[in-house]
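**Student:** This is the structure I want to talk about, given as structure tokens.
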Amino acid sequence: ADGTITGKPGVCFVTRGPGATNASIGVHVAMQDSQPMLLFIGDVDRSMRDREGFQEVDLPAMFAPLAKWATRIEDARRIPEYVARAWNVAISGRPGPVVIALPEDMLLDEVEAADRPVSTSYLLMPDVNEEAAQQIIERIHTAKRPMAIVGGAGWDVSTGLHFATFAERWGIPVAGAFRRQDAIANTSPAWAGNLGYGPNPKLTQRIRDADLLLVVGARLGEATTDGYTLVTPDHPGQTLIHVHPDPEELNRVYHVDMAVCCDVGIFADMLSSLKPLDTPFAGAAEAHADWLDWSTPKPREGVTLDLGQCVAAMRERLGPDDAVICNGAGNFSGWWHRYWRYGAQPSQLAPTSGAMGYGTPAAVAAALRCPDKLAVALAGDGDFMMNGQELATAIQHDANMLVLIIDNGAYGTIRMHQEREFPARLSGTMLHNPDFAALARAYGCWAETVEQTAEFAPALDRARCKPTA
């Protein structure tokens, strides 16, 4: 989460064995989110290796398929070399996590070593050359129904501003890849909504009807493409321009008509400097109108606690740029993904890997990094129980944050799949939960329980007056 906000590697230190295996969830999240991270793990003595000693794990082997690079430092004189390389790997190309094992006895060695200067990321293509830029412009000019899918590796607030400027001037609708809803401010008249689970059917149809797809930063993964069916790997009848900072992502799954290996910020800056079309495409205005209708919650009759109206109450009290919405995994997140209007980055912290337990610790990071915004942790009951103990961290560090726990007494997403596929074989999805308000107060938080829609807005007003809610 910290790496997502800052664009610099978040740094974590854990012990071997249980510490490493517990941290592996975060490594997987960072890899699928394309976010930089360094994980240092205390390892067994070099003399103890391969005896299955206390908490011993072959850490480079364990993390090799999860991280961009997993290694072990055997010689203390090479610590600067390894750390500098790890930093560079984490931020270059497609950003991601690097894991470094530190043998306990190596850390006690006294050696002479030269520090290395700060590493900077490399770009295989530091700029979009004139010929490539001209080809891109010509392809867009000749399209009738162009569409952009954005967000992901290397994306930052400047990239979002430049890309929105281009899309608005040219009239090109912009969809956010799965859980990249703050790639551009949703107030942009070019914003068409988000892809992933439960997207607007009008948006998905617009993607299918597009004759040109401009994909910038996104990997076109399973969630974004609805299992590689919304945009198929060979996408017949569609031209695909794919811009990504890592050459290994280009033509990896998808046949690309034009692959551009370039920093997405440089690419967006180039687009924003282009002369606007005399007559912009009509698609952006139409798509944004569809999204405005789709993202407006309608009251639901007979529902005791209507989450759509709860989101509406939040929108009345918090502007898009006033909050960072942090969520883990579960059906509960769908209400905010659909109805919340995200501001410019950073306003969303959400794992593209679907890891449970992410929201509360991510909100701690957001509260400390973005004190001018309200960090909001969204969690289902099962989701919260994964890492709810991070409330203690929030209290310890005076993190000003709001936690919303949606308690339905079940692992709702898994229960939904069970009821659909095996309705007579429901198993292990009902939960016996604690009194979450009492638990929060035990940590030192202000807490309140809401059971009806009308109770939510007054409770939210009271919560916002408290330091940690």
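Taken together, the values in this text are just the output of simple stated rules run on the coordinates, not laboratory data. If you're wondering where the values come from, they're calculated on a predicted model, not measured in any experiment. Quick reminder, even Gly has a Cβ in these numbers, built from the backbone with ideal geometry, and neighbours come from all protein chains shown.
**Student:** Could you tell me the relative contact order of the chain? Use alpha-carbon pairs under 8 Å, at least six residues apart, and round to a whole percent.
**Tutor:** Numbers: 954 pairs, mean separation 58.7, N = 469.
For the chain, the relative contact order is 13 percent.
**Student:** Toward the positive end of the charge dipole of segment 330-469, about the Cα centre and with charges on Cβ (Lys, Arg +1; Asp, Glu -1), which of Gln348, Trp446, Leu426 goes farthest?
**Tutor:** Gln348
**Student:** As an exercise, use a Förster radius of 30 Å and the Cβ-Cβ distance of Lys298 and Tyr228 to find the FRET efficiency, rounded to the nearest 0.05.
**Tutor:** Between Lys298 and Tyr228 the formula returns 0.40.
**Student:** Sorting check: for 379-392, 235-248, which peptide has the highest mean count of neighbouring beta carbons within 10 Å, and how do the rest follow?
**Tutor:** 379-392, 235-248
**Student:** DSSP loop (so not H, G, I, E, B), at most 15 other Cβ within 10 Å: list which chymotrypsin sites (Phe, Trp or Tyr not before Pro) in segment 67-174 pass both filters.
**Tutor:** Tyr122
**Student:** Okay, next question. Around Gly3, what is the net charge, scoring Lys/Arg as +1 and Asp/Glu as -1 over all other residues with Cβ under 14 Å from its Cβ?
**Tutor:** Here the charged neighbours net out to +1.
**Student:** Continuing with this model, one more query. What is the local net charge at Ala113, summed over the other residues whose Cβ is closer than 15 Å to its Cβ (Lys, Arg +1; Asp, Glu -1)?
**Tutor:** Summing Lys/Arg as +1 and Asp/Glu as -1 gives -3.
**Student:** When semi-axes √(5λ) of the Cα gyration tensor in Å is calculated directly from the model, which label among (i) 51, 21, 20; (ii) 48, 24, 17; (iii) 35, 33, 20 fits?
**Tutor:** After the calculation, the listed value that fits is (iii).
**Student:** Another question, then. Taking +1 at the Cβ of each Lys and Arg and -1 at the Cβ of each Asp and Glu, which of Leu66, Ala457, Ala183 sits farthest along the dipole of the chain towards its positive end, judged by Cα position relative to the Cα centre?
**Tutor:** Of the listed residues, the answer is Ala457.
**Student:** Oh, and also: Which of the listed residues, Val11, Leu102, Val260, is farthest toward the dipole's positive end in the chain, when Lys, Arg count +1 and Asp, Glu count -1 at the beta-carbon?
**Tutor:** Going by the Cα projections, it comes out as Val260.
**Student:** A further question follows. Can you tell me the dipole magnitude for segment 218-349 around its Cα centre, using point charges on the Cβ only (Lys, Arg +1; Asp, Glu -1), in Debye to the nearest 20?
**Tutor:** It comes to approximately 400 debye.
**Student:** Using the per-residue mean of other Cβ atoms lying within 10 Å as a proxy for protection, in what order, highest first, do the peptides 34-43, 216-225 fall? Working shown, then result.
**Tutor:** On the way: 34-43: 25.0, 216-225: 22.9.
Averaged packing, sorted descending, gives the order 34-43, 216-225.
**Student:** Could you give the dipole magnitude of the chain about its Cα centre, charging the beta-carbon of Lys and Arg +1 and that of Asp and Glu -1, in debye to the nearest 20? Can you show the working numbers first?
**Tutor:** Values: 39 positive and 57 negative charges, 179 e Å.
Dipole about the Cα centre, nearest 20: 860 debye.
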